[in-house]
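Comments concern the structure below.
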Ligand SMILES: [Fe+2]
Ligand SMILES: [Fe+2]
């Protein structure tokens, strides 16, 4: 086993099947968001009332908006886009043509997901600004532990979006194009 490859698993995502990459996204990033967003929203609501409001209301509002958008976004990926990509991969593996899809080309749901990623990155920028780049709990009216959690959320979500926008989606578009030949 190549030790370097173990330390840089990211490099391998160009080589694995798309189903393996999708499973990794689900197990790592979707699972994290489903656990973290309700918890962080509750924590922000608590500091909002405990610390007399200040800017915690702002952080709380951003988190509530992000949670609503991301939960619906993940649902669409899990129910529509990811099953479509898996079916394209199964078709190629079994030498069959692309299966019919009610959303037409894979590019259609991908375009929507990319737009929603931009909106999510906008929410992260807002959190970053309110916490002064995740360094100033007082400015945001939240605890130091909360700022660390928000920093982790930022890192995890940006990496998640990178795996989808820069690896999974381009590879799915190439796969669909190969099947159309
Ligand atoms: Fe996702
Ligand atoms: Fe996504």
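Suppose the filter is assigned to a helix (DSSP H, G or I), modelled with pLDDT under 95 and either surrounded by fewer than 18 Cβ atoms within 10 Å (Cβ to Cβ) or away from ligand 2 (no atom under 13 Å from the Cβ) (or both); does residue 43 pass it? So residue 43 fits the description; yes.
Look at segment 94-135 and say how many of its residues are assigned to a helix (DSSP H, G or I) and either touching a residue at least 60 places away in the same chain (Cβ under 8 Å) or within 16 Å of ligand 2 (Cβ to nearest atom) (or both).
Pass one, segment 94-135, residues assigned to a helix (DSSP H, G or I): 107-130.
Remaining after also requiring either touching a residue at least 60 places away in the same chain (Cβ under 8 Å) or within 16 Å of ligand 2 (Cβ to nearest atom) (or both): 107-124, 126-127, 130.
Matching residues across segment 94-135 total 21.
Within segment 76-97, if we keep just the residues that are exposed (fewer than 11 other Cβ atoms within 10 Å of the Cβ) and within 17 Å of residue 22 (Cα to Cα), the residue that is modelled with the lowest pLDDT turns out to be 93.
Just to be sure I understand, how many residues within segment 108-142 are away from ligand 1 (no atom under 14 Å from the Cβ) and in contact with a helix residue (DSSP H, G or I) (Cβ under 6 Å, 6 or more places away or on another chain)? Residues meeting the conditions: 12. For segment 58-66, the criterion of being assigned to a loop (DSSP other than H, G, I, E, B), at pLDDT below 95 and more than 16 Å from the chain's Cα centre (by Cα) is satisfied by no residue at all. Inside segment 138-175, residues that are assigned to a helix (DSSP H, G or I) and surrounded by 20 or more Cβ atoms within 10 Å (Cβ to Cβ) make up a count of 11. Going through (1) more than 16 Å from ligand 1 (Cβ to nearest atom); (2) touching a helix residue (DSSP H, G or I) at 6+ places or on another chain (Cβ under 6 Å); (3) at pLDDT 95 or above one by one, residue 18 falls short only on (1).
The values are calculated or read from the model by the stated rules, or taken from the named source; none is laboratory data. As the structure is a computational prediction, the values presented were derived from the model and not from experiment. Positions of Cβ are backbone-derived with ideal geometry, glycine not excepted, and every protein chain shown enters the neighbour counts.
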